[in-house]
Every structure is written in C-alpha cells, then in structure tokens.
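Notes for the one structure printed next.
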Amino acid sequence: MRAFGWNMLLALAWVILSGTYTISNLVVGMLLSYLVLAYVARDKPMFARYFGKLPKIVGFILFFIWDLIKANARVAYDVLTPTHLMRPGVIAIPLDVKDDGAITMFANLITATPGSLALDVSSDRRVLYVHMMYLDDEARQLAEFKALEARVIDLLG
C-alpha cells in the first residue's frame, strides 16, 4: 500500500502543478508517477509486488474483454439467424481457487459473459456448476474456464 500512496501523492502533485483538474490529467499523472516510481524503486523489494500487478491487471482486462466479445458475437449470431444453434447444458468445473473472494470473482466473471451463468458452488467449495447456452465441446469449454480461473488466481495471488 505504501507504493500506491506514493503513486497517488505524485499524481496529485502532477495535477496541482499542471493546473488542469480533470480525471484524464489525474490518469496521466498516475501513469507518469508509476513509471517514475518503477525506475526509482527498482531495487526495493517492498515495491516489487505493486509494480508487478499493473501488467497482470491490464493483461487480465484485455483477456476478459476478448472473451466477452467472442461470447457476445456468438449469442448475437444465434439471435439474428433463423436456425438456433443452442445446445444448453450444465457443466461442473473443479475449482483450484480456495478463497471465497476468488470464487466469487470467478463466478461473477462467468456470469458476466453472455451465454453462461454460474449456478451454484458445492458445499465443500470444490466444484462450481455453470449453465451454458452452447455446450458443444465440454472438454474445450472446461479448458477455457480453467484458463480464466488460472488468470484469477494469478491476479489475486
């Protein structure tokens, strides 16, 4: 948290010194101060975790946006064409995440994607049940969910 505090302090100093009090200028200040702190504190191990998180967060957001675009395109195609390609079903995903927050985040990401809905977590928190609109290849779909879960673990770990 110390690194984030320095980042915010430098970003606010940027906003004050530039005289432009906008959100976009604050974001620019955050990015510039992030780069300055990354260079200045490159040998300090207490800041290493903070500077390793941003690339993971950006990668995760881009990965999820791509999945979201693919799912939306598939659902839109099925809605707009006269033949329905849906093959609904429920899939059980064995969970590697153990933390309640990580399980909640994973389930919400699945639910946010069109065509899938997290239904329930088993009482021992080892299996997540998901309803799919398009359950064509269960092994491929399970592999995609496990890739998403691995990214959640990497992000929160």
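The values are calculated or read from the model by the stated rules, or taken from the named source; none is laboratory data. All figures in this text were calculated on a predicted structure; none of them were measured in a lab. With ideal geometry, Cβ positions are generated from the backbone for all residues, glycine too; neighbour counts draw on all protein chains shown.
Of all residues in segment 117-137, count the ones that are surrounded by 12 or more Cβ atoms within 10 Å (Cβ to Cβ) and either touching a Gly at 6+ places or on another chain (Cβ under 6 Å) or modelled with pLDDT under 90 (or both).
4
Run Ala71 past the list (1) assigned by TED's automatic domain parsing to the domain that holds Val152; (2) modelled with pLDDT under 85 and report the number of the one that doesn't hold.
All conditions are met except number (2).
List pairs: first in segment 40-53 and farther than 16 Å from Leu10 by Cβ and in contact (Cβ under 8 Å) with a residue 12 or more places away in the chain, second β-branched (Val, Ile, Thr) and surrounded by 13 or more Cβ atoms within 10 Å (Cβ to Cβ), Cβ under 7 Å, 6+ apart or cross-chain?
Partner pairs satisfying both residue conditions: none exist.
Here are some residues: Pro94, Pro55. Which one is at pLDDT below 90 and of a type outside the set (Val, Ile, Thr)?
Pro55
So which of Ala102, Ala11, Ala38 is assigned to a helix (DSSP H, G or I) and assigned by TED's automatic domain parsing to the domain that holds Ser116?
Ala102
Select, from Ala150, Ala107, Ala118, Ala139, the only residue that is farther than 19 Å from Ile61 by Cα, among the small types (Gly, Ala, Ser) and not in a strand (DSSP E or B).
On inspection, the qualifying residue turns out to be Ala139.
Condition first: surrounded by 11 or more Cβ atoms within 10 Å (Cβ to Cβ) and not polar (S, T, N, Q). Now tell me which residues in segment 62-78 satisfy that.
Result: Phe63, Phe64, Asp67, Leu68, Lys70, Ala71, Ala73, Arg74, Val75, Ala76, Asp78.
I'd like to verify a number: residues in segment 82-95 that are touching a helix residue (DSSP H, G or I) at 6+ places or on another chain (Cβ under 6 Å), surrounded by 12 or more Cβ atoms within 10 Å (Cβ to Cβ) and part of a loop (DSSP other than H, G, I, E, B), how many?
Summing the residues that are touching a helix residue (DSSP H, G or I) at 6+ places or on another chain (Cβ under 6 Å), surrounded by 12 or more Cβ atoms within 10 Å (Cβ to Cβ) and part of a loop (DSSP other than H, G, I, E, B) in segment 82-95 gives 0.
Checking Gly29 against (1) assigned to a helix (DSSP H, G or I); (2) at pLDDT below 90, which single condition isn't satisfied?
Result: Gly29 passes all but (2).
Please give the number of the condition Phe145 fails out of (1) under 30 Å from Arg2 (Cα atoms); (2) touching a residue at least 24 places away in the same chain (Cβ under 8 Å); (3) assigned to a helix (DSSP H, G or I).
Result: Phe145 passes all but (1).
Do we have any residue at all in segment 102-115 that's touching a Pro at 6+ places or on another chain (Cβ under 9 Å) and surrounded by 13 or more Cβ atoms within 10 Å (Cβ to Cβ)?
Within segment 102-115, not a single residue is touching a Pro at 6+ places or on another chain (Cβ under 9 Å) and surrounded by 13 or more Cβ atoms within 10 Å (Cβ to Cβ).
For segment 54-77, which residues satisfy the criterion of being free of Cβ contacts under 8 Å to residues at least 40 places away in the same chain and either of a type in the set (D, E, K, R) or touching a Phe, Trp or Tyr at 6+ places or on another chain (Cβ under 6 Å) (or both)?
Passing the criteria: only Lys70.
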